[in-house]
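K.L.:
Structure incoming, see below.
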Amino acid sequence: MENKNRQIEADARRLYAEITFHGPHTIAALRACTSLSEQELLIALGWLAHENRIAINGDTVEPLVSEIAF
């Protein structure tokens, strides 16, 4: 279980870096540029949303600015 959580966190970091450096993306664009499976992508997005790192507006994912390092 702990190993899976590490992988989810690594996927979430990867997604967060992508939208932070390149701006808002659609979910389809994130899937294409990260090569994550649909399940991996959605789990990582859920992780980031739970951590208040992203906002999901329709099909667009936007980074939320935080002073706390991730």
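The values are calculated or read from the model by the stated rules, or taken from the named source; none is laboratory data. Please read all numbers here as calculations on a predicted model, not as lab measurements. Virtual Cβ from ideal backbone geometry, glycine too; neighbours counted across all protein chains shown. With ligands, DNA and RNA removed, areas are computed over all heavy atoms of the protein, side chains included. Shrake-Rupley method; radii C 1.70, N 1.55, O 1.52, S 1.80 Å.
K.L.:
Mind checking the dipole of segment 10-70: about its Cα centre, +1 per Lys or Arg Cβ, -1 per Asp or Glu Cβ, Debye to the nearest 20?
P.N.:
80 debye
K.L.:
So, with a 1.4 angstrom probe, what is the percent of accessible area on segment 18-70 that is carbon and sulfur?
P.N.:
So the carbon and sulfur contribution to the accessible surface is 54 percent.
K.L.:
Still on this structure: What list of whole percents do you get for P(r) of the chain, with Cα-Cα distances grouped in 10 Å bins up to the one holding the largest distance?
P.N.:
Over the chain, the share of Cα pairs per 10 Å bin runs 21, 60, 18, 1 percent.
K.L.:
Starting from the amide H of L64, placed 1.01 Å from N in the peptide plane, find each other amide H under 5 Å away whose residue is 5 or more places distant or on another chain.
P.N.:
Residues meeting the amide H criterion: I54, A55.
K.L.:
If you don't mind, another one. May I ask you to derive the relative contact order of the chain, considering only C-alpha pairs under 8 Å and at least 6 residues apart, and to give it as an integer percent?
P.N.:
Answer for the chain is 37 percent.
K.L.:
I would also like to ask the following. Per residue, how many Å² of accessible area does the chain show with a 1.4 Å probe?
P.N.:
Dividing the accessible area of the chain by its residue count gives 66 Å².
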